[in-house]
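The values are calculated or read from the model by the stated rules, or taken from the named source; none is laboratory data. As the structure is a computational prediction, the values presented were derived from the model and not from experiment. We place every Cβ from the backbone using ideal geometry, glycine too, and count neighbours over all the protein chains shown. We work out accessible area using only protein heavy atoms, side chains counted, and drop any ligands, DNA or RNA first. Shrake-Rupley method; radii C 1.70, N 1.55, O 1.52, S 1.80 Å.
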Amino acid sequence: MPDVHDLGGRAGFGRVVAERGEPVFHAAWEGRVLAMMYLALGRGWVNVDSFRHGVERMSPPLYFAASYYERWLTSLETILSEAGVLAQGYAPPPPPENGRFERAAPRAPRFALGASVRTRARKTHGHTRLPGYASEKLGVIARVRGGFIYPDTHAHGEGEQPQHLYTVRFDARELWGDAAEPAGFVHVDLFEPYLEPAERPHVA
């Protein structure tokens, strides 16, 4: 069963309606939530991966009933409570010095430009940046991007554990089948642990 937040490629949710003249914030409290998020990140109380995982842990009824910034607020409340930041007498650590996500990976990249790969099965628990629609699909390495913080460990306090990141090109038919537009491609940035050599060459 896909996680509630993993809606890419799933049908049945109706058209995306663009609001004409949409304001940056629909209410003043939304701007305050954004400011709280930047403060929490800047102070090192949360990281972007643990924040995303906080949203992912919302119950389906709450997730679908909540607005965009209500989901942000729920995640902040969850993570800051778990970390003790909201507890009385909390002494915050100094803010992190490095605000970038690039890191030197401990090994050379496993895949080269043009290599055929297959994505692994999507995890059924914990945080991941492998979308469900791209799970167990054939693609081609379109770009080798270098080492970055690995979200799957970073979200759970298990360290940065840098991994190589690749841009993988998928034929749209590989992802969507006969419903795909002809001659279409989708590019997805994926970490090395999500990938394995393809059992057969993939022509795209």
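Taken over region 167-204, the criterion of being open to solvent by less than 40 Å² (accessible area, probe 1.4 Å) and touching a helix residue (DSSP H, G or I) at 6+ places or on another chain (Cβ under 7 Å) is satisfied by Phe170, Leu175, Ala180, Gly184, Val186, Val188. Of all the residues in region 42-89, those that are part of a helix (DSSP H, G or I), surrounded by fewer than 17 Cβ atoms within 10 Å (Cβ to Cβ) and not basic (Lys, Arg) number 12.
Scanning region 113-131 for residues that are open to solvent by 40 Å² or more (accessible area, probe 1.4 Å) and assigned to a loop (DSSP other than H, G, I, E, B) yields a count of 9.
Residue under question is Arg15, and the condition is that it be basic (Lys, Arg) and open to solvent by 70 Å² or more (accessible area, probe 1.4 Å); does it hold? It is true that Arg15 is basic (Lys, Arg) and open to solvent by 70 Å² or more (accessible area, probe 1.4 Å). Would you tally the residues in region 132-166 being in contact with a helix residue (DSSP H, G or I) (Cβ under 6 Å, 6 or more places away or on another chain) and in a strand (DSSP E or B)? The total comes to 3.
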